[in-house]
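Below you'll find the structure, written out as structure tokens, and then a few comments.
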Amino acid sequence: MSRLLGRLGGAAAAHPWRTIGAWLIVLVAFTVSSVSFGGTPHDDYNVPGTESQAGTEFLRAHLPALAGTDARIVVHGKGPVDPATLEGLRGRLAAMPGAGDVAPPRMSADGDTALIAVRYTIPVTDFKGTEGMDALRAAAEPLVRAGLQVEFGGQVAENISAPSGTAEAVGIVAALLILVLAFGSVVAAGLPIVVAIAGLGVASAVIALLETVTDISGTAPTIATMVGLGVGIDYALLLVARHVEGLRAGLTPREAAAAANATAGSSVIVAGLTVLVSLFGLKLSTLPVYSSFGYATFAAVGAVMLASVTLVPALCGLAGRRVLPRKVRKGAAGTAGAAGAVGGAGLGGGTGAPAGWTARWATVVGRRPVLAALGSLLVLAALSAPVLGMRTWPQDAGSQPTSNTTRLAYDLTSAEFGPGANGPLVIAVDTARVPDVDGLVAALRAQPGVALVAPAARTGDAAVIIVEPATGPQDERTTALLDHLRADVLPDGALVTGLVAVFADISDRLAERMWIVVAFVVALSLLLLTVLFRAPVVAVKAAVMNLLSVAAAYGVMTAVFQSDLGARAVGLPHATPVSSWVPILLFTVLFGLSMDYEVFLLSRVREDWLATGDAQGSVVRGLSATGRVISGAAAIMVAVFVGFALDPDVTVKMIGVGMAAAVLIDATLVRLVLVPATMSLLGRANWWLPGWLDRLLPHVKVEESRERVLEPVA
């Protein structure tokens with residue numbers, strides 16, 4: 001693989017315009033195809049095998065007018081609201097596409113607020129873009145013109161996701177600044193950005209084409225962009241750093257591109273494949289929406305990975321020696337003195353004796369490995385501790401900023417009608433099996449924690465009972481009430497559905513599947529590292545350390561979002577549970593990203609170990625060679641993910657915070673302290689390999705030496 005990548009890099013550098021032209025053709029072709037044939041995002045919130053899903057299916061068969069999504073329109077005035085105005089609104093709401101049942105207005109005690117519930121015959125995922133909200137706003141426009149405050153809640157309003165582009169812009173600008181400081185050259189700094197954007201352009205078109213053949217969540221492209229931008233810049237950074245290292249060593253631009261592609265390019269391919277393999281774990285969640293996250297992110301990572309090993313050598317070949325700082329190009333300073341802001345050997349590290357702060361640090365850690373390991377483990381344990389109190393719940397309007405109409409509707413509803421009005425339980429009753437519906441209504445009204453039970457709506461062999469809890473959707477007491485009703489109150493033939501029940505079932509399903517996903521991803525990573533490095537001890541140690549960094553990231557995320565102070569710091573009005581969607585998605589992506597750094601570091605350490613047999617010295621020299629590029633890559637990743645923490649979507653915000661914390665922890669406590677400490681303690685045992693396993697494992701070399709790459713091919 002290394003020789004093939006080396007020849008690819010050399011050819012791309014020798015004919016840069018052909019490579020760039022080919023990429024432009026690919027980009028234009030995919031873009032035109034996506035515009036002509038691409039689909040639109042479509043969420044699939046079905047949860048097969050759950051009671052809420054069974055209740056929804058029953059309603060679809062017997063009461064389709066109440067089986068779809070819902071919307072709540074809250075009308076608030078300075079005085080009592082005119083009933084005639086509300087009746088006019090009801091008529092316009094009933095005429096909306098997909099509207100099934102429009103309930104009579106529910107008035108507040110003082111008459112200044114009205115709540116109108118709309119039930120649709122279609123699921124919320126059948127609306128394209130903002131068409132559901134557009135219809136609601138059009139129906140309410142006469143009331144707004146009359147000076148009334150009209151806010152919108154329910155699934156139709158809450159399901160709208162409109163990316164602003166701010167997160168991407170912040171991440172790109174921050175990454176560019178870090179790269180300029182690292183390379184001391186605007187040309188070298190711009191290359192990773194250009195490559196990542198090119199890859200994401202193709203990925204966006206691929207995702208749009210995927211939307212024609214499968215459901216892709218509306219949030220999935222944002223998550224894919226976050227991950228793709230981070231890894232794309234990182235992969236290109238690694239290649240550019242190796243290219244710069246080659247130029248400093250006296251290679252021509254073409255030779256440097258070939259050497260970089262054969263060495264760093266091999267690591268990029270392996271690291272990218274590791275991320276892609278990890279994403280397959282999302283299928284094990286059994287939720288269709290998770291599969292769509294995997295498809296979109298798979299497209300993004302795959303595209304930027306291919307862009308890195310083709311466009312980077314082409315652009316480096318085109319730039320020539322302009323990727324070096326001006327002082328170096330002019331010969332005003334030697335290699336040891338003009339590395340910009342990153343030290344003697346440039347961002348890619350050197351090839352001679354260990355030098356720089358990373359080598360000195362590794363030496364210090366190696367002298368007191370027990371103290372370093374225990375200290376880092378204590379810090380990781382402290383960071384992970386909050387995860388023991390983690391609560392999960394899918395996001396709802398109560399977590400949104402106070403500027404959103406969904407949040408305003410949520411607050412008005414809670415203040416005027418009680419918090420439970422924001423999340424009613426819908427009980428579907430098969431009257432052939434439960435004939436005494438009135439008795440069931442009375443039993444429900446007698447339950448503690450129930451604020452209101454509406455009279456049953458009946459048709460044929462079906463009935464629907466709406467139950468409002470006394471507490472809000474995110475409150476633990478609401479979930480406890482749901483469990484109590486299901487276990488102790490409702491007879492066979494009565495099923496609880498509705499948004500709160502669906503969310504509770506999603507949380508339970510994800511909690512059950514989490515450990516299966518973890519086992520799958522960890523097992524695959526163990527297998528991959530064992531094959532690559534022929535060292536089962538190193539593979540197990542790497543998996544354990546990645547688990548520790550993920551646990552610490554969970555702890556940081558829990559501490560931030562489940563405290564008022566932390567939530568306000570990231571733009572939320574108050575503390576909120578961790579979104580149920582986040583832990584599994586975060587784990588699969590983070591485990592793959594952590595393996596990126598593991599591959600970059602261990603490939604250098606193992607190469608030195610095989611050449612010298614010096615267990616401790618190989619760790620120092622490997623960390624010296626990769627420490628700067630890993631630190632630079634981590635700084636860029638953190639900047640990109642912090643940018644996404646500014647996104648208004650709560651799920652995206654949580655993933656941004658969690659991934660930024662994980663990468664920061666992984667690149668500091670883990671790579672700079674725990675890895676050198678444990679490898680120093682284990683010494684030669686790191687590379688122990690039993691004979692029977694040695695005979696079974698294939699021989700795979702992650703990176704070829706530069707001298708070997710530049711040998712003429714026979």
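The values are calculated or read from the model by the stated rules, or taken from the named source; none is laboratory data. Not measured: the values here are computed from a predicted model. Using ideal geometry, Cβ is built from the backbone for each residue, glycine included, and neighbour counts are taken over all protein chains shown. The protein model used for the area step is the full one, side chains on, heavy atoms only, and it has no ligands, DNA or RNA in it. Shrake-Rupley method; radii C 1.70, N 1.55, O 1.52, S 1.80 Å.
Scoring T19 on the criteria (1) of a type in the set (S, T, N, Q); (2) open to solvent by 30 Å² or more (accessible area, probe 1.4 Å); (3) touching a residue at least 12 places away in the same chain (Cβ under 8 Å); (4) within 25 Å of S204 (Cα to Cα) leaves a single failure, condition (2). Each residue in the stretch 433-447 was checked for being without any contact (Cβ under 8 Å) to a residue 24 or more places away in the chain and either under 43 Å from the mean Cα position of the chain (by Cα) or within 19 Å of A117 (Cβ to Cβ) (or both), and 1 pass. In the stretch 255-299, of all residues being over 21 Å from the mean Cα position of the chain (by Cα) and among the hydroxyl-bearing types (S, T, Y), the one that is surrounded by the most Cβ atoms within 10 Å (Cβ to Cβ) corresponds to T263.
Please pick out the residue among P536, P491 that is farther than 29 Å from V47 by Cα, out of contact with any Cys (no Cβ under 9 Å at 6 or more places or on another chain) and touching a residue at least 40 places away in the same chain (Cβ under 8 Å). Show your work before the answer.
On the way: P491 fails: farther than 29 Å from V47 by Cα.
After ruling out the rest, the residue left standing is P536.
For the stretch 234-243, filtering for residues that are open to solvent by 10 Å² or more (accessible area, probe 1.4 Å) and of a type in the set (A, V, I, L, M, F, W, C) leaves 1.
Pairs linking a residue in the stretch 403-427 that is at positive phi to a residue that is at pLDDT 90 or above, with Cβ atoms under 8 Å and 6 or more positions apart or on different chains, are G418/A451; G418/L452; G418/E468; G418/A470. Only residues that are in contact with a strand residue (DSSP E or B) (Cβ under 6 Å, 6 or more places away or on another chain), buried (at least 18 other Cβ atoms within 10 Å of the Cβ) and of a type in the set (G, A, S) were counted across the stretch 49-76, and they come to 4.
Residue-by-condition table, conditions (1) open to solvent by 10 Å² or more (accessible area, probe 1.4 Å); (2) assigned to a helix (DSSP H, G or I); (3) closer than 18 Å to R671 by Cβ; (4) β-branched (V, I, T):
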site	(1), (2), (3), (4)
M514	yes, yes, no, no
A519	yes, yes, no, no
A523	yes, yes, no, no
L526	yes, yes, no, no
T530	yes, yes, no, yes
V538	no, yes, yes, yes
V544	yes, yes, yes, yes
L547	yes, yes, yes, no
A551	yes, yes, yes, no
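Which residue, of V312, V323, V342, is at pLDDT 85 or above and closer than 30 Å to V275 by Cα?
Numbers: V323 fails: at pLDDT 85 or above; V342 fails: at pLDDT 85 or above.
That would be V312, the only listed residue that is at pLDDT 85 or above and closer than 30 Å to V275 by Cα.
Scanning the stretch 300-331 for residues that are over 18 Å from G199 (Cβ atoms) and buried (at least 24 other Cβ atoms within 10 Å of the Cβ) yields a total of 3.
So is T358 open to solvent by less than 20 Å² (accessible area, probe 1.4 Å) and part of a helix (DSSP H, G or I) or not? Quick ask: steps written out before the conclusion?
Numbers: open to solvent by less than 20 Å² (accessible area, probe 1.4 Å): yes; part of a helix (DSSP H, G or I): yes.
It is true that T358 is open to solvent by less than 20 Å² (accessible area, probe 1.4 Å) and part of a helix (DSSP H, G or I).
The number of residues in the stretch 366-407 that are surrounded by 16 or more Cβ atoms within 10 Å (Cβ to Cβ), part of a loop (DSSP other than H, G, I, E, B) and not basic (K, R) comes to 7. Counting only helices (runs of 4 or more DSSP H) wholly contained in the stretch 582-687, the ones carrying 3 or more residues that are open to solvent by less than 30 Å² (accessible area, probe 1.4 Å) and over 24 Å from V173 (Cβ atoms) occupy 582-612, 615-644, 675-682.
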